[in-house]
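Working notes, structure below.
Values quoted throughout were computed directly from the atomic coordinates according to the rules given, and no laboratory measurement underlies them. As the structure is a prediction and not an experimental result, all values here were calculated from the model. Please note: Cβ atoms are built from the backbone with ideal geometry, for glycine as well, and neighbour counts cover all protein chains shown.
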There are 2 protein chains.
Amino acid sequence: MAKEKSGIPKGTRDFNPVEISRREHIFDTIREVYRLHGFRPIETPAMENLSTLLGKYGEEGDRLIFRILNSGDFASKVDDADWNDKNSARLSAQLSEKALRYDLTVPFARYVVQHQHHITFPFKRYQIQPVWRADRPQKGRYREFYQCDADVIGSDSLDNEAELIQIIDKVFSRLNIDVKILINNRKILAGLAEHIGFADRMTDITTAIDKMDKIGLENVNKEMLEKGLTPEAVDKLQPVLQHSGSYKEKTELLSGLLKGSATGMRGVEEIREVFDIVNVSPLHCDLELDLCLARGLNYYTGAIIEVKSTNVEMGSICGGGRYDDLTGIFGLKGVSGVGISFGADRIYDVLQQLSRFPKSTASFTQVLAINFGKKERDYCLPALEDLRSIGIHCEMYPEPAKIKKQMQYADKNNIPYVMMAGEKEMGDNRYSLKDMRSGDQEQLTLEQIIDVIVS
Amino acid sequence: MAKEKSGIPKGTRDFNPVEISRREHIFDTIREVYRLHGFRPIETPAMENLSTLLGKYGEEGDRLIFRILNSGDFASKVDDADWNDKNSARLSAQLSEKALRYDLTVPFARYVVQHQHHITFPFKRYQIQPVWRADRPQKGRYREFYQCDADVIGSDSLDNEAELIQIIDKVFSRLNIDVKILINNRKILAGLAEHIGFADRMTDITTAIDKMDKIGLENVNKEMLEKGLTPEAVDKLQPVLQHSGSYKEKTELLSGLLKGSATGMRGVEEIREVFDIVNVSPLHCDLELDLCLARGLNYYTGAIIEVKSTNVEMGSICGGGRYDDLTGIFGLKGVSGVGISFGADRIYDVLQQLSRFPKSTASFTQVLAINFGKKERDYCLPALEDLRSIGIHCEMYPEPAKIKKQMQYADKNNIPYVMMAGEKEMGDNRYSLKDMRSGDQEQLTLEQIIDVIVS
């Protein structure tokens, strides 16, 4: 076969051992905290029926779904008129029946409906799997990336919101990342729109105030005026937008302002209840009521949650909220859910920037046995088996290469100890153990070696 | 949106929590043994460039590769003449530039070539990821399934073959599956073909004898005659095909028969050396020289390995071998490799049939706290946090539902302990703990509860 160039599709990545180990540190932490709180894992196929995915992510989303070309003689099954038109948009539905999942939420909704008779509700599930999007690749945005989701479905109790906040707190505390958790409630946003007399312009209002961080108060106000809000309405919002007090002060303010809006008052109540439950066991990080938070508004119906690193400039590293009718599109009505999703790639970047990956994530083998030849190899092999039986990762260099080459192998692979045995050691039933960091070398029994390594 | 049917593409699967937990038991076991032997993880993207995959798996394999439909206006980029022909085979290359990986071996070869300047050889890597094949789905054969591969690349020492056999032995011993490991060597097969005067008919000969298990000696002989071997040649093979002795007896026989074949004698030597190294630390299972073993012959150049369960009828559950020029197709010549691959789906089926999954794989939450209302909830929440801080998985039922419903939740989710606190318990700073299996219930302090659960 001819030589081929050996690249990978743009926007995708290979992961080397250290990268895998670091990513697993993140996944393992999230997974363990999910399990500590009683969440159970599911997995769904990489491919879903195209009809399951289409129409769930908006027009832009539909364009970004990776479609699988039908197998066999796909062309023969396409309508002749469409074929002659060469219209890609109309043809794609006939050339493709399956697609790669775009997120974990829609496959989860499909899963719940499909398996509803075997599921005990409330169903607390987590799912850590890759998703694919035909987005334009750029720094920090990939075409294949992992999502780490947890959702509770079939319970509208606010205990669930509180538990998800505790989970977020625990994950970032264990990862040693300082964060603040921002929370808001869509009902408060609806109440505010009502309060200023523009209940029907909620999307315009929230789209504008959601940009507060990026464009500042002045530009937010300008945008609302451009969208047709009256100066009086914008004025009425200012006490809320400019408020920087505690959650108690903010909820007091809102209780006054939103008296006329049943929805708004319910939102304030919900926020209070969530804070009350969360405060039963204090958090490590700050939980803050952010009245400008409005992410994914078309989707969420109650709580909205977003997490930001307090040390590194890096958008949202976790987010979520309550949605009231996720499974309705697949025919199961009236099931409320609330969920969160950790952004593993951004968390990776934060840990990298802060140099907070545990040292162990850069190291695999703990002991390399030097291969001096058949006799020495056969002397060391059973010792390595003894080390493995107590969980020590070790290896014998696979051939009697020059010692310099074997030492370089230990060095480049970050192996902290090298073990050797020549005539002398074999006669004494011992091994020389070299500490690769200090350079110290000692003749030790296997028991002493174990003591050194596990200490 | 209209109600949609909620199925998944044929040949793919959803995995529920117990299935995930059982599959993770298999993956974790394999992963830990790989790491104990110094193998390091990599991952590659689900999508490869189509050109990386095409031509590597034969004509049949090419047909079974799932292709990704190009994004955007794909039709406009297709040659008009080909379009008018409606020839699917010629069109697919123009409609698709990317495809889902078909195995882990070719992506690994691509990885090694692409990253060769950052890799320290010998490179011991493992990789546990799904692969996709547009095969006709049938019992035990799926369109999405996991492979669990380990390879050593850049070393032709037989120490590697021996280590991979130790790994296989350790994995199945830890999984509590009785197996026999079959080994052969392609050089012995070549020597035998030479010996009977049909060196040029090696594929026909090995294809026939590889079926010994399925069709029996008589039919194997018949097939060889039909393929044009002379009765004399077939006769000369009989002592080998009918030999059921130990590996020592078999190698002695071969040493006599293959004297005239340098290749054959080298194969016998290699087998002897592998047995010698393996025997330094005895295996748990049987290692057997199987002179009829010939799997994947076009691919392997030295050792051929296959593993079978001794209790369950179930084809090969692990296989591998030595290949001498895997990276050559991508432009890196002269790099020898040897690898194995565990079939996770078949191992799952064997464990299922033998009921050998650990009990822990069917259980997640260890304690459910019953929710009697706000006061009782707030009394129990800090206790749950204490349990979590020492690694106990627990949850509070998220709403004050009827006790019967909460108990059913514990029962259906296989939760072994239920914790409750009413006025009495709260006054005594205690909790009632109910053992769901025995039905026993006691009032205990939190410390006593921890003792019960971790004992």
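Counted residue by residue at 0.36 nm each, then reduced by the alpha carbon distance between them, the extension gain from A:Glu423 to A:Ala93 reaches 111.5 nm. Counting Cα-Cα pairs of the range B:66-161 in 10 Å increments starting at 0 gives whole-percent bin shares of 13, 29, 27, 22, 9, 1.
Each of A:Cys285, A:Gln242, A:Met224 was scored by the projection of its Cα onto the charge dipole of the range A:211-319, and the greatest displacement toward the positive side belongs to A:Met224; charges sit on the C-beta of Lys, Arg, Asp and Glu.
Using alpha carbons only, what's the Rg to Rh ratio of the protein assembly as shown with Rh from Kirkwood? Mind dumping the intermediate values first?
Details: Rg = 31.5 Å, Rh = 31.2 Å.
Result for the protein assembly as shown is an Rg/Rh of 1.01.
Between A:Asp411 and B:Tyr299, the distance separating the two model label sites (each 7 Å from Cα on the Cα→Cβ line) works out to 3.8 nm.
With a simple spin-label model that places each label point 7 Å from the Cα along the Cα-to-Cβ direction, the separation between A:Asp451 and B:Glu218 comes to 6.9 nm.
Roughly speaking, what is the stretch gain from A:Leu354 to A:Thr207, that is 0.36 nm per residue apart minus the C-alpha to C-alpha distance, in nm to one decimal? List each step's numbers first, then the result.
Working: separation 147, 0.36 × 147 = 52.92 nm, distance 3.21 nm.
So the chain would gain 49.7 nm between A:Leu354 and A:Thr207.
In the range A:306-443, what percentage of the DSSP-assigned beta bridges are antiparallel, given to the nearest 5?
75
Relative to one another, the C-alpha centroids of the range A:330-361 and the range B:407-447 are positioned 33 Å apart.
For chain A, calculate the relative contact order in percent as a whole number, restricting contacts to Cα pairs under 8 Å that are 6 or more residues apart. Computed value for chain A: 15 percent relative contact order. About its Cα centre, the range B:364-454 has a charge dipole of approximately 460 debye under the convention of +1 per Lys or Arg Cβ and -1 per Asp or Glu Cβ, with nothing else charged. Calculated mean residue ellipticity at 222 nm for the protein assembly as shown: -13000 deg cm²/dmol, from DSSP H runs with n ≥ 4 weighted as -39500 (n - 2.57), summed, divided by the residue count and rounded to 500. Along each principal axis, taking the top coordinate minus the bottom one, the Cα set of the range A:364-454 gives 30, 28, 24 Å in descending order.
Against the empirical curve 2.2 N^0.38 Å, the C-alpha radius of gyration of chain B lands at a ratio of 1.27. Rounded to the nearest 5, what is the percent of antiparallel bridges among the DSSP beta bridges in the range B:364-454? Within the range B:364-454, antiparallel bridges account for around 55 percent of the total. Taking only the C-alpha atoms of the range A:18-127, Rg followed by Dmax gives 18.7, 58 Å. The charge dipole of the protein assembly as shown, taken about its Cα centre with unit charges on the Cβ of Lys, Arg, Asp and Glu (plus for the first two, minus for the last two), comes to roughly 880 debye. Kirkwood analysis of the Cα pair distances in the range A:270-328 returns a hydrodynamic radius of 13.2 Å.
Along the axis of the charge dipole computed for the protein assembly as shown (Cβ charges of +1 for Lys and Arg, -1 for Asp and Glu, origin at the Cα centre), the listed residues B:Tyr142, B:Gly256, B:Ser455 are led at the positive end by B:Tyr142. If only the Cβ of Lys and Arg carry +1 and only the Cβ of Asp and Glu carry -1, the dipole of chain A around its Cα centre is close to 960 debye.
Site pair A:Ser244 and B:Thr230 shows an inter-label distance of 9.9 nm when each label is modelled 7 Å from Cα along Cα→Cβ.
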